[in-house]
Amino acid sequence: MVFRFFKKEDKEQQTHSTSLTHIFQPEGSAQTDAKLVQIIAHLDECKSNDFNYLVEKLVQRLGFDTQIIDGIHDSGIDIIGFQQQKKVLAVQCKAWNPKRNTNPLDKKEVLAFKGKTMSDGYENSLFVTTHYFTKPALDEASDNFFLIDRRILHDLLATYFPKEFSEAFYYETLKELKACPTCQKGKLIRLYSKNKRTYYTLCERCQGYHPCT
């Protein structure tokens, strides 16, 4: 099932070029949302409010104005999506770490949210989690009620936040390395000089050289 909101720009809006500049230097590529990078990099450990922030940014990319209401007093609705000042999308967010919560989200959880959104008259609903859904829960999905598990979520983040997604997992692979003492942001990569026959470290961000310690 394809969520109709998750679509590329119309082909008429796409430009064709033999140059690769538009791929390696897309518009706005120099800017990233630092908070999003941190949340994506630690998705399984993120708090509910951080996960709400991430999902809200995703919903905004889909063309909705948003309001976070954090579900506590509204039967599980965490985010409301608006179009032309009309409530048209209800979103529930579940930041469940599959390493600690061994049970996936079941039909009972899904039906409770589905019933609330239907009674409130929402045109579309999204249930987003960092975990998985049971098969009976997935059977409740429909053309206007969508279940987004961790696999689909990662696909959407890579599609709609490619810069932040790339940045998060780039640093995830370097997390055990020491921080650069010069810029305090980059990581020191250990290299070997054949000419000097010695090891040294290079900061992957500022490109500064440092002796091995």
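Miscellaneous remarks
- Between His131 and Trp96, Arg150, the built amide H atoms are under 5 Å apart, and every one of these is 5 or more places off in sequence or on another chain.
- Measuring r between the beta carbons of His210 and Lys135 and using R0 = 35 Å, the FRET efficiency lands at 0.10.
- Cα→Cβ-extended label distance, 7 Å offset, between Asn49 and Ala179, nm: 2.3 nm
- Using a cutoff of 8 angstrom between alpha carbon atoms and counting only pairs six or more residues apart, the relative contact order for the stretch 87-213 works out to 17 percent.
- Note on Asn103 and His42: the extension gain reaches 19.9 nm, defined as 0.36 nm multiplied by sequence separation minus the Cα-Cα distance.
- Here the stretch 46-200 exposes an accessible surface that is 48 percent carbon and sulfur, computed with a 1.4 Å probe and the other protein chains kept in place.
- Per-residue ³J(HN,Hα) for the stretch 192-202, Karplus 6.51 cos²θ - 1.76 cosθ + 1.60, θ = phi - 60°, Hz, x for Gly and Pro: 10, 9, 5, 5, 8, 6, 8, 8, 8, 10, 10
- Contour excess over end-to-end distance, with Cα ends at Lys87 and Gln60 and 0.36 nm allotted per residue: 8.4 nm
- Sequence of Glu123, Glu176 when ordered by accessible area, the most exposed leading, probe 1.4 angstrom: Glu176, Glu123
- Rolling a 1.4 Å probe across the protein heavy atoms gives the stretch 108-202 an accessible surface of 59 Å² per residue.
- Label-point separation, Gln67 to Asn195 (7 Å along Cα→Cβ), nm: 6.5 nm
- Phi to ³J(HN,Hα) by Karplus 6.51 cos²θ - 1.76 cosθ + 1.60 over the stretch 52-68, Hz, x for Gly, Pro: 4, 4, 4, 5, 4, 4, 5, 4, 5, 5, 7, x, 9, 7, 9, 8, 8
- Estimated at 0.36 nm per residue, the fully extended path between Ser119 and Ser166 surpasses their Cα-Cα distance by 13.0 nm.
- Accessible area (Å², per residue) of the stretch 40-96, counting only protein heavy atoms and a probe of 1.4 Å: 49 Å²
- Tail fraction, Cα-Cα pairs, the stretch 125-171, threshold 15 Å, whole percent: 51 percent
- Violating pairs (Cα-Cα greater than 24 angstrom) within the set Lys86/Lys116; Lys35/Lys187; Lys114/Lys163; Lys57/Lys86: Lys114/Lys163
The values are calculated or read from the model by the stated rules, or taken from the named source; none is laboratory data. Since we're looking at a predicted model, the values are computed, not measured. Counting neighbours? That spans all protein chains shown, and the Cβs are built from the backbone with ideal geometry, glycine included. Areas reflect the complete protein model, heavy atoms only, side chains present, ligands, DNA and RNA absent. Shrake-Rupley method; radii C 1.70, N 1.55, O 1.52, S 1.80 Å.
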